[in-house]
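Just so it is clear, none of the values below were taken in a lab; they were calculated from the coordinates. All of these numbers come straight from a predicted model, not from anything done at the bench. All Cβ positions, even for glycine, are placed from backbone atoms using ideal geometry, and neighbour counts span all protein chains on display.
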Amino acid sequence: MNFVVFVIVVSFAPDALAYLDPGTGSMMLQVILGGIAAIGVALKLFWYRIIAFLGFGKKPDSEDKSG
Amino acid sequence: MGADAAQLDTGSFRDRDGRIYLHAEGVFRGLSESALAAFRAVSQARFYQAYTDQGALVATREVPAEAVPLPTETREAWAGFLEHRRIPVVSYPYEWTFSMLKAAALLQLELTEAALREGYTLKDATPYNVQFDGGRPVFIDIASFEPLEEGAPWTGYRQFCEMFLFPLMLQAYKGLDFQPFMRSRMDGVGLQTAARLFGFRDRFRKGVLSHVWLQSKLDRRYGGTGDNLRSELKSAGFNRELILVNLRKLRKLVGRLRWTGEESEWGDYTQFHNYSNQDHQRKETFVEHCVRQGQARRVWDIGCNTGQFSRLAARYCEQVLATDIDHLAVERLYLDPQRPANILPLVQNVADPSPSWGWRLQERRDLPQRAQPDMVLCLALIHHVVITANVPLAEFIGWLAGVTDQLLIEYVSRDDDKVQTLLRNKQDTYWDYSREHLEQQLQRHFRIRDTLELRDGRRRLYWCQRAVETRVGG
């Protein structure tokens, strides 16, 4: 389910032509590859991105800068 | 410390927490304080002991700094030292066959999974951390194990894709040899390159949609956003179970990848060579005789095909390096369940061999820097080197003389149908391809100890010993 939602989201997402961070996209994918067990994590992580994609709300700044 | 001092390995610089030093007596690894603590901890883990006992992790022990043959100031730069079992011949993924890379990938996944279960992880996922010893993959980079930070993703995932998964999928799904990709880019097949290589229809193949297409999309979309994703993941509840799910799926995916190989020119050599049974028998007896009498410890079989003569040589020496240009032939040798453990099969074109490259052109080294033979078998190969690859015969023999003390070389005459096939559509400018010229060149560097005539004189074997006065190097 989370896989399908995400395929739809990224299918329409424009490519960011910025400096390539080698890991961010790959780290995100790892949530999707976590399968059913990862649905909760995926929702928390991607919720605002989905909302932002649908045109509601605003992406919050990441507060925790540690790690 | 004089000439006996260990040499710094030129390819182990990436990880700042350790460095490899090579010495005739052993392989040593200097470790930082944190890396030493990590080693002491992980070496007590059950999985570490189990894989070491199986031989899948290189045998390693901590040694006192005084025992390491290094200058004092170098010794003092590290908190401690490990000694590893020496791998007879270091090889690189662009010299492996499909099944060798696959075996290395499965070992990498298995170790990562086993480590995770006990609270450790592997900080990277590169096939350069795997070597082949005794015919099987062995993980050598012990310093790659580190304690798992709960909530952190698998750092090596992207690297695993680029260095193992994409090359394997290119071979299995597209029939593209992965070695040229691995040899041209130190970091393997890049994500965006893979995304372009796999077309729309390939997305229906197992693993392509998620690991290639989706990952490349996410990478392009979010790669430059500057999000602190590590901490976001942690607070969203990411945990090791999710990595384990991914690892298990990857193991299944990699385990199912198959490369059947199309018709190869040489893959069926044993059915297609042009020897009569009697001549074949005589050739085998002669080769066996030379290897035995020559008392070579390390033999190279260049142009080994599926390794018929490598197997013979393996009975009488410690190590055989069996190389051939043909991926499928070498793959068959690797997959043969009867293959002796002291044969290392590698894909290698003698006229376009593995170069020294990477940082300062020494990060990965050419083959002669990694292995020195006492004897070279060069059977039914010379016509390919001189006529197909256009290497002058004198240069080829000169190169062999620089590599080995003993040479067993087969001359394939112009009357032989294999040579006639090669010349059929080529202008014959090969004035140097003659028996007389070969003998003349052999005698420049070697003393001919014995010869054998086969196929009514259309083929001839020469067993040569390098003449002392032309000795180059050591």
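Here the mean projected area of the convex hull built on the C-alpha positions of the protein assembly as shown is 28.4 nm².
The Cα-based radius of gyration of chain B, divided by its Kirkwood radius, gives an Rg/Rh of 1.01.
A simple spin-label model places pseudo-atoms 7 Å from Cα toward Cβ; at B:Gln281 and B:Ala351 they are separated by 3.6 nm. In the range B:351-398, the ratio of gyration radius to Kirkwood radius, Rg to Rh, stands at 1.06 when only Cα atoms are counted.
Taking other C-beta atoms within 10 angstrom as a stand-in for reagent exposure, B:Cys378, B:Cys464 fall in the order B:Cys378, B:Cys464, fewest first. Semi-axis lengths, largest first, of the ellipsoid equivalent to the range B:325-406 are 22, 19, 14 Å, with √(5λ) applied to each eigenvalue of the Cα gyration tensor. In chain B, helices alone account for a calculated mean residue ellipticity at 222 nm of -10500 deg cm²/dmol, with every DSSP H run of four or more residues adding -39,500 (n - 2.57).
Between B:Trp399 and B:Thr260, the modelled labels are 3.6 nm apart [label points 7 Å from Cα along Cα→Cβ].
For the range B:1-44 versus the range B:61-136, the spacing of their alpha-carbon centroids is 11 Å. Ordering B:Ser99, B:Ser356, B:Ser276 by the number of other Cβ atoms within 10 Å of each residue's own Cβ, fewest first, gives B:Ser276, B:Ser356, B:Ser99. Here the average projected area of the convex hull drawn through the C-alpha atoms of the range B:1-86 stands at 5.7 nm². Projected over all directions and averaged, the alpha-carbon convex hull of the range B:269-470 occupies 12.1 nm². Could you compute how fast the range B:350-474 diffuses translationally, taking Rh as the Kirkwood radius over C-alpha pairs and applying Stokes-Einstein at 4 °C with viscosity 1.567 mPa s? Give it in µm² per second. In µm²/s, the coefficient rounds to 83.
Which value, in Å to one decimal place, does the Kirkwood hydrodynamic radius take for the range B:287-366 when every pair of different Cα atoms is included? Hydrodynamic radius (Kirkwood, Cα pairs) of the range B:287-366 is 13.3 Å. Highest mean packing first, where packing is the average number of other Cβ atoms within 10 Å per residue, the peptides B:191-202, B:365-376, B:102-113 line up as B:102-113, B:365-376, B:191-202.
Taking a point 7 Å from the Cα of B:Gln465 along the Cα-to-Cβ direction, the residues of the range B:362-393 with backbone N closer than 16 Å to it are B:374-376.
Computed packing ranks the peptides B:61-74, B:34-47 as B:34-47, B:61-74, most packed first, by mean other Cβ atoms within 10 Å. In this structure, B:Ala389 and B:Arg360 have a Cβ-Cβ separation that, at R0 = 30 Å, corresponds to a calculated FRET efficiency of about 0.55. For the range B:129-256, the C-alpha radius of gyration divided by 2.2 N^0.38 Å, with N the number of residues, is 1.15. Take the Cα of B:Arg248, step 7 Å toward its Cβ, do the same at B:Glu33, and the gap between the two points is 4.1 nm.
Across peptide A:40-50, the mean count of Cβ atoms from other chains lying within 10 Å of each residue's own Cβ comes to 3.
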